[in-house]
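The values are calculated or read from the model by the stated rules, or taken from the named source; none is laboratory data. Every value quoted in this text rests on a predicted model; they were computed, and no experiment measured them. Positions of Cβ are generated from backbone atoms using ideal geometry, with glycine treated the same way; all protein chains shown enter the neighbour counts. Areas reflect the complete protein model, heavy atoms only, side chains present, ligands, DNA and RNA absent. Shrake-Rupley method; radii C 1.70, N 1.55, O 1.52, S 1.80 Å.
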Amino acid sequence: LEIQCVEYGRNSITYKRLFTHRRDALELVKYPKAAEYLLQFHDQLSGRTFEKRNILDCGKQWYEFHRPRDPEIIFGQPKIISPRLTPKVRFALDQEGIGIQDSCICLAVGENTKEAYDEFRRRLSKLLGHEIKAITVFRYLLAFLNSSYAQELLTTGHRPRPGDVFQISDEFLEEFSIPLCKTKRELEQILAAVDACLLARTEEVLAAAESRLNTLVLRLYYAR
């Protein structure tokens, strides 16, 4: 199908004519319903540009994702999400399975991180005295990702991009360290403070909860 479209010219009319012929006569289109749907948006999809290059110049077909992602991770939950560019760290807990776009990043358990995640969850479970779920692990991580320590790491020694924003990059995440509580009481205080932030309904209550949480987090960093 693609070869013949190259021969007769890549455009929505050519694709639609060849698609109809191939589907009805030869039945060579693997996913005819998906193809028929995508063809409605051929002009928009084929006109996409990435880093000042057309999608076709990036070695992709007109209908392909530029950077495909694992849908089980993108739509999974729970996970932690964040804007890719931001003036201030503002990670959030997603418990609904929001499908993120390229302007966002997500922190979720994948094949490369499952072993480390399982070990970290085991250690937190041991402190609390019972097996914990993924949501508890993410609540704990959230406390540190939104701390003043994280903000300092994001901005110190880095020049802001246009708009006075900084990038939540792989380098930032690799440099970031998360200490482990030494006692059950410390861990319970951290989780309770996170919940207070998540449940806050006014700016004043949220500010007080964030201040309390940040104090607990910095105490752990200073104790190392």
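When the residues of the stretch 90-131 are narrowed to those that are aliphatic (A, V, I, L, M) and more than 14 Å from the chain's Cα centre (by Cα), which ends up nearest to LYS182 (Cα to Cα)? Before the answer, list the steps.
Taking the stretch 90-131 as the starting set, the residues that turn out to be aliphatic (A, V, I, L, M) are 92-93, 98, 100, 105, 107-109, 116, 124, 127-128.
Going one step further and asking which of them are more than 14 Å from the chain's Cα centre (by Cα), we end up with 116, 124, 127-128.
Details: ALA116: 19, LEU124: 10, LEU127: 8, LEU128: 11 Å.
Among those that are aliphatic (A, V, I, L, M) and more than 14 Å from the chain's Cα centre (by Cα), it is LEU127.
Could you list all residues from the stretch 215-224 that are open to solvent by 50 Å² or more (accessible area, probe 1.4 Å) and in a helix (DSSP H, G or I)? Full working, then the answer.
Here is the first cut: in the stretch 215-224, the ones open to solvent by 50 Å² or more (accessible area, probe 1.4 Å) are 215, 219, 222-224.
Once the filter is applied, which keeps residues that are open to solvent by 50 Å² or more (accessible area, probe 1.4 Å) and in a helix (DSSP H, G or I), the stretch 215-224 yields THR215, ARG219, TYR222, ALA223.
For the stretch 66-119, name all the residues that are surrounded by 12 or more Cβ atoms within 10 Å (Cβ to Cβ), assigned to a loop (DSSP other than H, G, I, E, B) and hydroxyl-bearing (Ser, Thr, Tyr). Scanning the stretch 66-119 gives a single hit, THR113. Select from the stretch 177-214 the residues that are without any contact (Cβ under 8 Å) to a residue 40 or more places away in the chain, surrounded by 15 or more Cβ atoms within 10 Å (Cβ to Cβ) and not in a helix (DSSP H, G or I) and list them in ascending order. Result: ILE178, ALA200.
Does PHE166 meet the test of being modelled with pLDDT under 95, farther than 19 Å from LYS114 by Cα, aromatic (Phe, Trp, Tyr) and within 22 Å of the chain's Cα centre (by Cα)?
So PHE166 fails the test.
Is there a residue in the stretch 140-154 that is open to solvent by 40 Å² or more (accessible area, probe 1.4 Å), among the acidic types (Asp, Glu) and assigned to a helix (DSSP H, G or I)? The answer is yes, given that some residue of the stretch 140-154 is open to solvent by 40 Å² or more (accessible area, probe 1.4 Å), among the acidic types (Asp, Glu) and assigned to a helix (DSSP H, G or I).
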